[in-house]
Amino acid sequence: MSEKNKQEVYEVTVTETLERVVCVKADSMEDARELVRIQYRREDIVLDAEDFVSVEFEVNEPDREIHEEKVNDRTERSDSRGR
C-alpha cells in the first residue's frame with residue numbers, strides 16, 4: 001500500500017471574523033444595541049470583505065467514516081458543477 005493510500009481525511013474549520021463600528025443616536029446602550037440589531041436583521045448593515053479582521057483554521061481529528069462520506073459528497077457536488 002502506498003503512502004497516498006494511508007493518508008487521513010481531516011476536516012478543517014475556517015472561521016472568518018468581520019467587524020464594523022456603527023454609530024447611532026439612542027437613549028441608552030441597550031437601545032443602541034437593539035437599533036443596530038434591527039438594522040442588521042433588515043440587512044441595512046451588511047458586512048463584507050472590507051470589514052475583515054481575522055481568519056482562523058482549526059483542524060479536527062479524523063473520523064474516517066464521517067469524513068469519507070463528506071469528502072465523497074463534496075467531490076460529487078464539485079464534479080457536477082464542472083470543477
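Observations on the structure shown:
- Val59 being at pLDDT 70 or above, part of a loop (DSSP other than H, G, I, E, B) and on the phi < 0 side of the Ramachandran plot: no
- Taking each residue of segment 36-48 that is farther than 12 Å from Val22 by Cβ and looking for partners that are not in a helix (DSSP H, G or I) and not basic (Lys, Arg) with beta-carbon atoms closer than 8 Å, six or more apart or interchain, yields Asp48/Leu18.
- Checking each residue in segment 16-46 for being under 30 Å from Phe57 (Cβ atoms), part of a loop (DSSP other than H, G, I, E, B) and within 22 Å of the chain's Cα centre (by Cα) picks out Glu19, Arg20, Val21, Glu43, Ile45, Val46.
- Against the conditions (1) under 30 Å from Glu11 (Cα atoms); (2) among the charged types (D, E, K, R); (3) part of a helix (DSSP H, G or I); (4) at pLDDT 95 or above, Glu69 satisfies every one except (4).
The values are calculated or read from the model by the stated rules, or taken from the named source; none is laboratory data. Predicted, not measured: the structure shown is a model, and the values here were computed from it. All Cβ positions, even for glycine, are placed from backbone atoms using ideal geometry, and neighbour counts span all protein chains on display.
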